Amino acid sequence: MALVGAHTGKAPRRSAGERPQSPPLPEVPPRRKGPRVTLARREARAAYGFLSFNLTGFILFTLIPVVFSLYLSFFNWPLTGGQHTLVGFHNYSVAVSSFGFWQVVINVLYFVAAYVPLNLVVSLGLASLLGPRNKTIKGKGFLRVVFFLPVVTPVVASSLVWGLMFGQGGIINAVLGVFGVGQLNWLGSSGLAMPSIIIMSLWLGFGYNMILYIAGMTNIPEDLYEATSLDGAGRVRQFFHVTVPMLSPFLFFGTLLTLITSFQIFTRAYILTGGGPGNSSTTLVLEIYDQAFKYFRLGYASAIAWLLFILILIVTGTFYRLQRHWVYYEH
Amino acid sequence: MKPNSQVKAKLMLRVGAAVSASALVALGAGTGTSFAAGRSGHQAHATHSTSSPSGNLSWFFWVGSPTGVHTWTHVASLVPKTYPNLRVSLTTTSWTDYWQKLPLEASSHDLPDLAGLQFGYVGSDGSFFLPLNTLIKQNHYSLAGFTPTMIKELSVNGKLLALPYDFGPVVIAYNKTLFEQKHVALPKDGWTWAQFLADAKRLTGGGDYGWLPGQSPLEMNYDISGVPDAYLQHGTFNVVNSAFITGIQQWAALSYKYHVAPTYSTAPNWATTEFASGKVAMEPNGPWGLEPLKAQSNFQVGWVEFPSGPHGEHTYNEGSGFGITKDAKNPEAAFKALTVMLGSTAENYAASVGRAFPARVAADPSWTHYAGEGAGPVMYAALKTAQPMEVTTNWTAFQTALSKYTPLVLSGSITAAQFAKDVQAESGAGAAVSPGNVAPLLGG
């Protein structure tokens, strides 16, 4: 640039109060005609550009179907043939007044009540064993990968394998046989079908939370453990009074996600038991699927989907509000 | 923002906008194409008529094994040999998925030109198919070669929805090798329920079982109760009756009381896999089950009619066919293709590889030759008394309910009466689907 002090390389000296002499400016090309675009607007445009990928997919494949499903829920809407008739809240009232619907809701609550705490205990337990503070276990990296593998395994494939393992002559009955337990009809008995799905879900799901909690544990300052150690706290006390409070935001996040996905369980139930025997392992999403694609009642299926949404909203909303009592945010 | 960042942001903006616009255009175009195809299909119904058909036809069908895919691909390849400008492309899926995909395609007016139709689904899915009566008449096509039973089973109110490709009675398939290993005399037609139960007990033990409950509780219901279609009462769907309950009770007792059957599973293809494993001696089956069985097993298969109960021996006759869907772009060409796919050459071929006991009866010897000694006489004997199963408008829901509660009644967790009540509650209302008067189709 050849502006001020081009010859000497120094700025020209001026006395106090003297208005600086403006040097002659080079000719600036005239501005293009049109509206003046501010920096904020340019940045907003860029943001929309980045967002547009996701936003397009979200609008097309999530927002429109979700809104349409609400519309469908007020209609008697057979999949093929027949008239689409407006029935108002009839689908909702049929659902909430049917014994079958509440049986399915109880199935889901049973699954959630058993699976979520088990997932928390197993994932937190393994995170403690394979976390940064445990120096006694060797090959922790390898073990973390091993325990995380089920998360990245296709659910359909793993469900089919578990179906074989639970079957007559399967490995689970064979192992139990060693301990004198007779052949159990895991998938064909109404008492064992849901526990089978819970066991399989546990295997499939704890790895994600385990990695999440390990990540959280690496952020806990070591001096807290040193301080409590000086105060005479043992490992168990440190776990409950340092690890758990410091990890509580991670525990909250992990449990919240597990809770939501538990209400939405489908594939494992569909493949392992098909919702049976009877309706003993039918989940809400499986019921939605059956109503829509086996009985072709799209309106009724949509109504159940919205009832499920309300159920999840209530449970997660309550869980969210309760965080103030047990989640510790450092800042 | 640095100048470099601005350039990048602008680039991202443009790329993002382009991708989003492309996605929208592609979706719109896809939808438009779909609608256009639907429309052109409907237009073709009215206008297309040619003696030299041409084009590419899509064909959707259920298949249970890789050899099945090969068989039907070969059948499709026969079409251009008769009509050089006509091609048929086969798409397959499993039995269960087929009956879920077909309605979805029908709802989006995207059905293939040709599709399979099993007798049980004429009530629930028959509306997806074009009645063939007019095309049969226009083409002077004779149905004389087909078994009249299947013309009736694939008709609703006198309208034929598909040309049949196979049929056959439900009988008992047995593992000859296991009978010989256990020193049990091979069963013969005319045997009784007492003999059947005694054999099943003797064949059970050492990890082997005498009996497999089969694909559906309906298969033996008629034989045990002596009442055909006991799920219907005066044309209305109603399973809560003594005949249906008796049939279920005796059938389930083989599992929960006499313990001659392995624990039932709802796993896909469980019955086929279990019987093919060689550890089960008998199962209800039909000629359609032989090809996948031979492919998976290494024992000799024998056939015998159902045992005679207090009401004699009774069984059903079942079968399937191929039809033209309502979204077919060129029904005339599709009909021409059907005539080849169900002609003598195709039927003899499908029978010779075991895939079908042909509905075109002249081709039946090809199947009996494939099946081996003893199979033909059993099938022919059973067919003499076999009755077509009357289907209902709620067939899909009925079958779903049956499969849901079967494990419970077989394990003895619920009684047959409770089973009937549960199935009734889940299946919803239904009525018999009438085949109507098919005599004009048969030249009567």
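From the list B:H42, B:H70, which residue is at pLDDT 90 or above and out of contact with any helix residue (DSSP H, G or I) (no Cβ under 8 Å at 6 or more places or on another chain)? After applying the criteria, what remains is B:H70. Hey, does the stretch A:69-80 have a residue that's surrounded by fewer than 11 Cβ atoms within 10 Å (Cβ to Cβ) and in a loop (DSSP other than H, G, I, E, B)? No: zero hits. From the list A:S248, A:S280, the one residue that fits, being in the same structural domain as A:T316 (by TED's automatic domain parsing), within 13 Å of A:L120 (Cβ to Cβ) and of a type in the set (G, A, S), is A:S248. Among the residues in the stretch A:104-122, are any within 25 Å of B:P407 (Cβ to Cβ) and within 14 Å of another protein chain (Cβ to nearest Cβ)? Within the stretch A:104-122 (the criterion being within 25 Å of B:P407 (Cβ to Cβ) and within 14 Å of another protein chain (Cβ to nearest Cβ)), the answer is yes, since at least one residue qualifies.
When the residues of the stretch B:381-409 are filtered to those that are within 8 Å of chain A (Cβ to nearest Cβ) and touching a residue at least 40 places away in the same chain (Cβ under 8 Å), which remaining residue is nearest to the chain's Cα centre (by Cα)? So that I can check it myself, show each step before the final result.
Here is the first cut: in the stretch B:381-409, the residues within 8 Å of chain A (Cβ to nearest Cβ) are B:396-397, B:400, B:403-408.
Subset that is touching a residue at least 40 places away in the same chain (Cβ under 8 Å): B:396, B:403, B:406-407.
Values: B:T396: 12, B:S403: 16, B:T406: 19, B:P407: 22 Å.
Per the stated criteria, the residue is B:T396.
Specify the residue that is farthest from B:D422 (Cα to Cα); the eligible residues are those in the stretch A:87-113 that are in a helix (DSSP H, G or I), open to solvent by 30 Å² or more (accessible area, probe 1.4 Å) and of a type in the set (A, V, I, L, M). Per the criteria, the residue is A:A113.
Total residues in the stretch A:292-310 satisfying the condition of being aliphatic (A, V, I, L, M) and within 12 Å of chain B (Cβ to nearest Cβ): the figure is 2.
In the stretch A:264-279, the qualifying residues are those that are hydroxyl-bearing (S, T, Y) and within 26 Å of A:T316 (Cβ to Cβ), and the one that is nearest to the other protein chains (Cβ to nearest Cβ) is A:Y270.
May I ask you to verify whether B:D125 is of a type in the set (D, E) and within 14 Å of chain A (Cβ to nearest Cβ)? Considered against the rule, which asks whether it is of a type in the set (D, E) and within 14 Å of chain A (Cβ to nearest Cβ), B:D125 comes out as yes. Screening B:V79 on (1) at pLDDT 95 or above; (2) under 20 Å from the mean Cα position of the chain (by Cα); (3) among the hydrophobic types (A, V, I, L, M, F, W, C) shows it passes everything except condition (2). In this structure, B:A356 does satisfy being open to solvent by less than 40 Å² (accessible area, probe 1.4 Å), assigned by TED's automatic domain parsing to the domain that holds B:L57, within 17 Å of B:G145 (Cβ to Cβ) and in a loop (DSSP other than H, G, I, E, B).
B:G321 - would you say it is touching a residue at least 60 places away in the same chain (Cβ under 8 Å) and on the phi > 0 side of the Ramachandran plot? No: the conditions fail for B:G321. Scanning the stretch A:292-310 for residues that are β-branched (V, I, T) and open to solvent by 30 Å² or more (accessible area, probe 1.4 Å) yields a count of 1.
Mind listing just one residue for me: the one in the stretch B:410-444 that is open to solvent by less than 20 Å² (accessible area, probe 1.4 Å) and among the small types (G, A, S) and, of those, nearest to the other protein chains (Cβ to nearest Cβ)? Break it down stepwise before answering.
Kept after step one, since they are open to solvent by less than 20 Å² (accessible area, probe 1.4 Å), are these residues of the stretch B:410-444: B:410, B:416, B:419-420, B:423, B:427, B:430, B:433, B:438.
Next, only the ones that are among the small types (G, A, S) stay: B:416, B:420, B:427, B:430.
Numbers: B:A416: 14, B:A420: 13, B:S427: 10, B:G430: 12 Å.
Looking at residues that are open to solvent by less than 20 Å² (accessible area, probe 1.4 Å) and among the small types (G, A, S), I get B:S427.
Does A:Y289 meet the test of being open to solvent by 40 Å² or more (accessible area, probe 1.4 Å), at the interface with chain B (Cβ under 10 Å from one of its Cβ atoms) and either assigned to a helix (DSSP H, G or I) or under 21 Å from B:T396 (Cα atoms) (or both)? So that I can check it myself, show each step before the final result.
Numbers: open to solvent by 40 Å² or more (accessible area, probe 1.4 Å): yes; at the interface with chain B (Cβ under 10 Å from one of its Cβ atoms): yes; either assigned to a helix (DSSP H, G or I) or under 21 Å from B:T396 (Cα atoms) (or both): yes.
Taking the combined requirement at face value, the residue satisfies it.
Which fully enclosed helices (runs of 4 or more DSSP H) of the stretch A:193-274 have 1 or more residues being more than 30 Å from B:L402 (Cβ to Cβ) and either open to solvent by 10 Å² or more (accessible area, probe 1.4 Å) or modelled with pLDDT of 95 or more (or both)?
Values: elements: A:193-218, A:222-230, A:235-238, A:244-263, A:267-272.
So the answer is A:193-218, A:222-230, A:235-238, A:244-263.
Here is the figure for the stretch A:138-158: residues that are farther than 18 Å from A:I199 by Cβ and either open to solvent by less than 50 Å² (accessible area, probe 1.4 Å) or touching a residue at least 24 places away in the same chain (Cβ under 8 Å) (or both) total 5. Elements of the type helices (runs of 4 or more DSSP H) sitting completely within the stretch B:361-444 and holding at least 2 residues that are of a type in the set (D, E, K, R): these cover B:416-427.
Look at (1) open to solvent by 80 Å² or more (accessible area, probe 1.4 Å); (2) more than 14 Å from chain B (Cβ to nearest Cβ) and you find that A:L164 fails only one, number (2).
Of all the helices (runs of 4 or more DSSP H) wholly in the stretch B:145-233, which have at least 2 residues that are of a type in the set (A, V, I, L, M, F, W, C) and surrounded by fewer than 19 Cβ atoms within 10 Å (Cβ to Cβ)?
B:193-203
Conditions tested, residue by residue: (1) modelled with pLDDT under 95; (2) of a type in the set (D, E, K, R); (3) over 29 Å from the mean Cα position of the chain (by Cα).
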site	(1), (2), (3)
B:F167	yes, no, no
B:E180	no, yes, yes
B:K201	no, yes, yes
B:N221	yes, no, no
B:G226	yes, no, no
B:N238	no, no, no
B:W251	no, no, no
B:K257	no, yes, yes
B:Y264	yes, no, no
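The values are calculated or read from the model by the stated rules, or taken from the named source; none is laboratory data. The shown structure was predicted, so the numbers you read here are calculated from the model rather than taken from an experiment. As a convention, Cβ positions derive from the backbone with ideal geometry for all residues, glycine included, and neighbour counts pool all protein chains shown. Please note that ligands, DNA and RNA were not included when accessible areas were found on the heavy atoms of the full protein model with its side chains. Shrake-Rupley method; radii C 1.70, N 1.55, O 1.52, S 1.80 Å.
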